[in-house]
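Reading through the structure tokens given below for one structure.
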Amino acid sequence: MRLHDPAHRSFASDNYAGAHPEVLAALAEANGGHQTAYGGDVYTERLTEVMRAHFGAQAEVFPVFNGTGANVTALTSMLPRWGAVVTTSTAHIHTDEIGAPERISGLKLLTVDTPDGKLTPELIDRQAYGWDDEHRAMPQVVSITQSTELGTLYTPDEIRAICDHAHAHGMRVHLDGSRISNAAASLDVPMRTFTNAVGVDILSLGGTKNGPLATV
């Protein structure tokens, strides 16, 4: 039985390929010696330095195993048990994470149909209401994906408009950045240009889609 066919390529998912050889070599190097666990090690310190070079000195970094873990952790940190998240009906947190955000975080997803996988202030308002209604989950977070699940992109100005609108309603903004590097390359701008620089409050930054073995 042949386990690996170098001629076979599948593009059904962008994480079908193995980790980048430099990543594996770095893991092997890091496996030697001793380091303080739970974030007190030189590798977490270096990761924080790299992320702050991209997003500024205020950035805090929390490595997790995968994208679902990052999204669940991020949304849980932003919401009380009665909180709700406004997102698109095509959002990864709604369609592909097997109910993890709702089951684990205890939150409610309020979805909106869109023609292109992107939210706008007007579309957000279809679900952003009822803060004084004790019978409705309270919309407190807007979650967008960059690049979207349909392959479309938000411009920095579009994300700024979403953040300004959400913040005006006392809501915060989560960005699912599973493919954020693709978006930055396509837009030809630094990642901070369409994240914290325009008001995004928390980011799930994909690693597994770009060669590493973890997400932050």
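General remarks:
- When 116, 157 are screened for being modelled with pLDDT of 95 or more, more than 15 Å from the chain's Cα centre (by Cα), surrounded by fewer than 23 Cβ atoms within 10 Å (Cβ to Cβ) and not in a helix (DSSP H, G or I), only 116 passes.
- Of the residues screened, residue 89 is not one that is over 13 Å from residue 145 (Cα atoms) and under 18 Å from the mean Cα position of the chain (by Cα).
- Scanning region 24-56 for residues that are assigned to a helix (DSSP H, G or I), over 21 Å from the mean Cα position of the chain (by Cα) and of a type in the set (A, V, I, L, M) yields a total of 7.
- Which listed residue, of 189, 200, is under 21 Å from residue 116 (Cα atoms), of a type in the set (Val, Ile, Thr) and in a loop (DSSP other than H, G, I, E, B): 200
- Subset of region 171-193 (residues that are closer than 16 Å to residue 151 by Cβ and either touching a helix residue (DSSP H, G or I) at 6+ places or on another chain (Cβ under 9 Å) or among the hydroxyl-bearing types (Ser, Thr, Tyr) (or both)): 176, 177, 178, 179, 180, 181, 182, 183, 184, 186, 187
- None of 81, 52 is at pLDDT below 90, surrounded by fewer than 15 Cβ atoms within 10 Å (Cβ to Cβ) and not hydrophobic (A, V, I, L, M, F, W, C) except 81.
- Only helices (runs of 4 or more DSSP H) whose full extent lies in region 60-112 are considered here, and none of them has at least 1 residues that are among the acidic types (Asp, Glu) and within 24 Å of residue 213 (Cβ to Cβ).
The values are calculated or read from the model by the stated rules, or taken from the named source; none is laboratory data. Predicted model, so just to flag it, every value in this text is computed and none were measured. Methodologically, a virtual Cβ is constructed for each residue, glycine included, from the backbone with ideal geometry; neighbour enumeration extends over all protein chains shown.
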